[in-house]
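The structure appears right after this line, and notes come after that.
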Amino acid sequence: MRKQGTFFALLLILLFLTACGGEMIPPPPEEPDVSPAETPETPPEREEEPEKAPEDPGEAALQALLKGMTLEEKAGQLFFVRVPAENALEDIMTYHLGGYLLFGRDTQDKTANDLIQTIASWQAEAVEHDTGVPLLIGVDEEGGSVVRVSSNPHLRSKKFSSPGKLWEEGLDALIRETREKAILLRNLGFNVNLAPVADVSTNPSDFIYDRTTGKGAEEAADYVSRVMETQSYNNLGSVLKHFPGYGNNRDTHTGVTVDDRPIETFLEQDFLPFQAGIAVEETVWPSGELRRLRPAVLVSHNIVSCMDPELPASLSPEVHRILREDLGFDGVVMTDDLAMDAVKAYAADGNIAVMSIQAGNDLVVTTDYRTQIPRVIQAVKDGALEESVIDAACLRVLRWKLELGLLELTEEGTLVSAVLP
């Protein structure tokens, strides 16, 4: 009986080992003979991870500056507004404005000293009595038909030439006049020129034609690069406009315009000058240092059907996604003037600025800031607009101001105004 029991036991073990399709399961490996002295008392230490690169001190200072700002101050920084006819000085502190944009009425008949003193008073108000953050002071000085400064003979004996004329005169003329323009604007107190025009137009009947080189995409891209490089070298901020490309559309100052061109046209033509301008990020300055001075990009009010058939580009999240993700732009994005007729139909509830920030804009260009800034603040309080969206936009605006030299980093790692002595 004992032998028979042993036989059945062996048979059961054999059946178990030949389970799973009859394959023999190998016995477990023998444990190594480790003496007590060789057994570690604690588990082996993990390899140390490489140290992270130290945070950029400028970026850390920007984050600290942002953290110390109130919601009202952050919202105000997102508005690059037309200078009001009255109370321009008082409104800087009341609304914590990001900047003033000057038009013809603001420069007409002014002497250079008039402008210098006026702009300096605005900067003093922002720095000494408000946030301590200097203002963006901008102007449209494209040359040709759009000349807010050189149209005044007190400021220049003749108007700056149009892009088309400068292109025909050659590279030397283009660089020479762009340099003169940048120096003049900087000396008057401007720090941003809403130029160059990056639109492609070859048809003289197009609305935008006279403001372009009048040539193809490659020539327009070369023009934009040269202007960007020269303005950056002279510490003047540039604004590429009018994304995603104006084409042959009519004037959006007077109504809605729909662009039905296919996406291929934009990919092969209209995007090229914007990409060229975006790529100009590092310039050797007169001091010899290599500095990055990103442009801003201004978005048009055209409805571009292949991107968003419902909304003007300036209010379209999809157009802004294309600019950010497909073109890789990480700088400041601004609206065209929200007072223009092309966007009035989309502001039935009056919250046009809220809508533009939700779409992805960092700077709101408008005349109606006294109404729009409180609406943005209220939208955050009501939960209709995330404060994190305001923070991200404000950080990009502050970063641009640092790059423009309006703010400077101290040895202690804080930011101070570089505008006033």
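Please treat every number below as a calculation from the coordinates, not as lab data. Remember, it's a predicted structure, so these values are computed and weren't measured experimentally. Cβ atoms come from the backbone with ideal geometry, glycine included; neighbour counts cover every protein chain shown.
What does the charge count near LEU101 come to, summing +1 for each Lys or Arg and -1 for each Asp or Glu among other residues with Cβ under 11 Å from its Cβ?
Local net charge: -1.
On the first, second and third principal axes, largest extent first, how far apart are the outermost C-alpha atoms of segment 168-256 in Å?
Result, largest extent first: 37, 29, 17 Å.
Treating the Cα atoms of segment 136-208 as identical point scatterers in vacuum, please give the log10 of the normalised Debye intensity I(q)/I(0) at q = 0.14, 0.24 Å⁻¹, two decimals.
Rounded to two decimals, the profile gives -0.45, -1.20.
Over segment 340-421, what is the mean sequence separation of C-alpha contacts under 8 Å (at least six apart), divided by residue count, expressed as relative contact order in percent?
Computed value for segment 340-421: 21 percent relative contact order.
Ranked from highest to lowest mean number of other Cβ atoms within 10 Å per residue, what is the order of the peptides 303-309, 322-328, 409-415?
The peptides rank, most packed first, as 303-309, 322-328, 409-415.
Pull up all non-local amide H partners of ALA418: gap of 5 or more, or a different chain, and H-to-H distance under 5 Å with H placed in the peptide plane.
Answer set, sorted by chain and number: LEU407, GLU408.
Mind listing the Cα extents of segment 271-421 along all three principal axes, in Å, largest one first?
50, 38, 25
Using Cα positions and a limit of under 30 Å, work out the lysines in reach of LYS67, with same-chain residues fewer than 8 apart set aside.
LYS52, LYS381, LYS401
Could you give the Stokes-Einstein D for segment 70-148 in µm² per second, using the C-alpha Kirkwood radius, 4 °C, 1.567 mPa s?
99 µm²/s
Name the residues whose placed amide hydrogens come within less than 5 Å of the amide hydrogen of ALA296, ignoring near sequence neighbours (fewer than 5 apart) on the same chain.
Excluding prolines and chain starts, which carry no amide H, the hits are SER238, VAL239, LEU240.
Once the principal axes of the Cα atoms of segment 340-421 are found, what is the range along each, listed largest first in whole angstroms?
49, 28, 20
Tell me, what is the percent relative contact order of segment 150-213, built from C-alpha pairs under 8 Å that lie six or more residues apart?
Normalised by residue count, the contact order of segment 150-213 is 35 percent.
Which whole number in µm²/s is D for segment 68-204 by Stokes-Einstein, with the Kirkwood Rh taken over Cα pairs at 25 °C and 0.890 mPa s?
152 µm²/s
In whole Hz, what ³J(HN,Hα) sequence does segment 89-95 give by Karplus (6.51, -1.76, 1.60; θ = phi - 60°), x for Gly and Pro?
Result, rounded to whole Hz: 5, 5, 5, 4, 7, 5, 10.
Read phi for every residue in segment 372-381 and hand back ³J(HN,Hα) as whole Hz from Karplus 6.51 cos²θ - 1.76 cosθ + 1.60, θ = phi - 60°, with x for Gly and Pro.
6, 5, x, 5, 5, 4, 5, 4, 5, 5
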